[in-house]
Amino acid sequence: MSETDIQTLAERVDDAARQARAIDQFATGSLTVGDAYAVQTASVARRVQRGETPIGIKLGFTSRAKMVQMGVEDLIWGRLTDAMLVEEGGEIDLAAYVHPRVEPELAFLIDKPLAGRVTLPQAQAAIGAVAPAMEIIDSRYRDFKFDLPSVIADNASSSGLVIGAWRRADLDIANLGMVMSLDGEVRQVGSSAAILGHPLRALVAAARLVAEAGMSLQPGDVVLAGAATAAEALRPGQHVDLRVQYLGGAEFHVAGPGGAS
Ligand code: OOG
Ligand code: MG
């Protein structure tokens, strides 16, 4: 795919995200996975040109539940910027999104540079803190339907993230209960073990994937490990709460039908 084509598609997904407007997914077979990451890189570069700061990366499809929900089998990654941060306990306005969903995750805070083929203990040693987190995903594609290259080009549907209080990473996080509630009603129950069998494997994968892209994870970067359960659609007026065993939680509100309060 030519550089011009990559820029054209990058502009299309970037505009759709900015205008909160659904677009058609790219025609099947028109994009390789390599092209799709080039589109993602170019679309995030547009954000950076507008003044956003990269803050880390996200993994997608690290759990069976997510692969089944979306019909995609491969692990993917995307980029996070400061503009995507939603204040813990804060409020989002659905007007800024196409059809957002929320999913329960864990976030890692990188303390030492990490890239390439690393072991689980090396990944563990590179993190300074871990936190309960929720990702707000918002595919820019109509009906939230996409194939693998389309979702990669669309920055892996990433739209927002809410991070709870960081705590030191000396806790065993292999199998922590995770409960996500909407308006006080438990909707998704899972375990951190659903994330690749051990959430630190998401960090091992992240180190490999960024290195393949010629990048590295740096101190201060945030890595979202991927959802432990299926995602839930967001509705006006909702209160969303995540509790993670031993780690605490995170919560936010969705503004009512009238918009932000
Ligand atoms: C793609 C993003 C998947 C996760 O945590 O598995 C993802 C999507 O489902 O739209 O973020
Ligand atoms: Mg996610």
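The values are calculated or read from the model by the stated rules, or taken from the named source; none is laboratory data. Quantities reported herein were computed from a predicted structural model and do not represent experimental measurements. Glycine gets a Cβ as well: all are built from the backbone with ideal geometry, and neighbour counts include every protein chain shown. All accessible areas refer to the heavy atoms of the entire protein, side chains included, with ligands and DNA or RNA removed. Shrake-Rupley method; radii C 1.70, N 1.55, O 1.52, S 1.80 Å.
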### Task
Count charges around residue 204 for me, please; just the other residues with Cβ under 14 Å from its Cβ, Lys/Arg as +1, Asp/Glu as -1.
+2
### Summary
The Rg/Rh figure for the chain, Cα atoms and Kirkwood Rh, to two decimals is 0.94
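To the nearest 500 deg cm²/dmol, what mean residue ellipticity at 222 nm is calculated for the chain from DSSP H runs of n ≥ 4 alone, each contributing -39,500 (n - 2.57), summed and divided by the residues?
On the way: 6 runs with 67 residues, N = 261.
Value at 222 nm, helices only, nearest 500: -8000 deg cm²/dmol.
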#### Entry: Alpha-carbon radius of gyration plus Dmax, which is the widest Cα pair, for segment 1-133 in Å
16.6, 44
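Semi-axes of segment 122-261's equivalent ellipsoid from the Cα gyration tensor, sqrt of 5 times each eigenvalue, largest first, rounded to whole Å?
On the way: eigenvalues 131, 88, 38 Å².
One finds semi-axes of 26, 21, 14 Å for segment 122-261.
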### Task
Starting from the Cα of residue 246, move 7 Å in the Cα-to-Cβ direction to define the label point; list residues of segment 167-208 whose amide nitrogen is under 15 Å from there.
167-178, 191-194, 198-200
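How many times 2.2 N^0.38 Å is the alpha carbon radius of gyration of segment 192-261?
On the way: Rg = 16.3 Å, N = 70, 2.2 N^0.38 = 11.1 Å.
This ratio for segment 192-261 stands at 1.48.
Can you tell me the accessible area per residue over the chain, all protein chains present, probe 1.4 angstrom, in square angstrom? Kindly include the intermediate steps, with their values, before the conclusion.
Values: 10730 Å² over 261 residues.
Ligands and nucleic acids excluded, the result is 41 Å² per residue.
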#### Entry: Where labels lie 7 Å past Cα in the beta-carbon direction, separation of residue 145 and residue 30 in nm
1.6
### Query
Which value in nm describes the separation of the simple spin-label points at residue 55 and residue 239, placed 7 Å from the Cα toward the beta carbon?
2.4
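Find the eigenvalues of the gyration tensor of the Cα atoms of segment 135-179, then list the square roots of 5 times those eigenvalues as equivalent ellipsoid semi-axes, largest first, in whole angstrom.
Details: eigenvalues 182, 29, 21 Å².
With the √(5λ) rule applied to segment 135-179, the semi-axes are 30, 12, 10 Å.
Would you tally the net charge around residue 58, using a Cβ to Cβ cut-off of less than 10 Å, leaving residue 58 out, and scoring K and R as +1, D and E as -1? Please report the intermediate quantities before stating the final value.
Working: positive: 79; negative: 105, 135.
Net charge around residue 58: -1.
Based on the alpha carbons, how large is the Rg to Rh ratio for segment 114-165 when Rh follows Kirkwood?
Values: Rg = 15.3 Å, Rh = 13.6 Å.
Looking at segment 114-165, the ratio lands at 1.12.
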### Summary
Simple SL model, points at 7 angstrom along Cα→Cβ for residue 18 and residue 4; separation in nm is 2.2
### Task
Among 85, 10, 69, pick out the residue whose Cα is farthest towards the positive end of the charge dipole of segment 1-117, where Lys and Arg carry +1 and Asp and Glu carry -1 on C-beta, about the Cα centre.
69
### Task
Take every Cα pair under 8 Å in the chain that's 6+ residues apart, average their separations, divide by the length, and report that relative contact order as a whole percent.
27
### Query
Given charges of +1 on the Cβ of Lys and Arg and -1 on the Cβ of Asp and Glu, with all other atoms neutral, how large is the dipole of segment 158-217 about its Cα centre, in debye to the nearest 20?
140
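With Kirkwood's inverse mean 1/r over C-alpha pairs for Rh, give me the Rg to Rh ratio of segment 171-232, two decimals please.
Numbers: Rg = 14.1 Å, Rh = 13.1 Å.
Rounded to two decimals, Rg/Rh equals 1.07.
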#### Entry: Dipole magnitude of segment 132-242 about its Cα centre (Cβ charges: Lys, Arg +1; Asp, Glu -1), debye to nearest 20
100
### Query
Can you tell which of 211, 182, 224 lies farthest toward the positive end of the dipole of segment 175-249, using +1 and -1 charges on the Cβ of basic and acidic side chains (Lys, Arg; Asp, Glu)?
211
### Within the chain: Cβ-based charge dipole about Cα centre, in debye rounded to nearest 20 (Lys, Arg +1; Asp, Glu -1)
360
